[in-house]
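Okay, so here's the structure we're looking at.
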Amino acid sequence: MDRIGADSIVNHIEDVFRRRGSESYLGEQVTMAQHMLQTAQCAELAGAVGSQIVAALLHDIGHYKNEIPETSLAKGIDNFHEEAGANFLEDYFPISVVEPIRQHVAAKRYLCAVKSDYLERLSPASVRTLSLQGGPMNAIEIVEFERNDYLEQSIQLRYWDDDGKDPDRVHPPFSYYRSLIESLIKH
Ligand SMILES: [Fe+2]
């Protein structure tokens, strides 16, 4: 896939939600679209700023590797979904949107290491992927992660991510967030 212009990025993202949103989300009870829309809803209900709501909405876009331009994928080595998504979105959105997305898996590994009750919050699928993602952080990784300028935002996103997995919850459609996303695009 070729590079996408800033003027068509929201259409592209909306199109991905429409075409691919009904795909299952790695053994969770919700679809990918339900999960991302609910994560954004959690952010909004928590009173988050716009950049955090958009980060929540787009945090798993990196799962759709073939919807991401080659130039973005070429920036990553392993192209884990958080890295692929962030490397794609950084061409269009400010760092306040991109960095919490890049860190949302690291934040899970961090919380597993520093919060004794965090593991109970994770869904069974999320517990299963933990070891593939490196398991809980060690002491050196914790110190390193805490230097991250977007520590708080990354942790908040992680909690909303964990809460956005309710098959019965009613949530707004993608169109509800369109003008907010547009307002954050870098031109
Ligand atoms: Fe997620």
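The values are calculated or read from the model by the stated rules, or taken from the named source; none is laboratory data. Here the structure is a predicted model, which is why all the values come from computation and not from measurement. As a convention, Cβ positions derive from the backbone with ideal geometry for all residues, glycine included, and neighbour counts pool all protein chains shown.
Residues in the stretch 138-165 that are within 16 Å of the ligand (Cβ to nearest atom) and hydroxyl-bearing (Ser, Thr, Tyr): 154, 159. The residue pairs whose first member lies in the stretch 173-186 and is within 18 Å of residue 41 (Cβ to Cβ), whose second member is assigned to a helix (DSSP H, G or I) and of a type in the set (Phe, Trp, Tyr), and whose beta carbons are closer than 7 Å, counting only pairs six or more residues apart or on different chains, are 174/17.
Looking at 26, 37, 58, just one residue is within 17 Å of the chain's Cα centre (by Cα) and at pLDDT below 95, and that residue is 26. For the stretch 104-135, filtered to residues that are of a type in the set (Lys, Arg) and surrounded by fewer than 17 Cβ atoms within 10 Å (Cβ to Cβ), the residue that is farthest from the ligand (Cβ to nearest atom) is 115. In the stretch 13-43, of all residues being without any contact (Cβ under 8 Å) to a residue 12 or more places away in the chain and more than 14 Å from the ligand (Cβ to nearest atom), the one that is nearest to residue 177 (Cα to Cα) corresponds to 15. Taken over the stretch 44-73, the criterion of being within 15 Å of the ligand (Cβ to nearest atom) and out of contact with any Pro (no Cβ under 9 Å at 6 or more places or on another chain) is satisfied by 53, 54, 57, 58, 60, 61, 62, 63, 64. Looking only at helices (runs of 4 or more DSSP H) that fall completely inside the stretch 65-174, which ones have 2 or more residues that are touching a Lys or Arg at 6+ places or on another chain (Cβ under 8 Å) and of a type in the set (A, V, I, L, M, F, W, C)? Counting at least 2 such residues, we get 81-89, 104-114.
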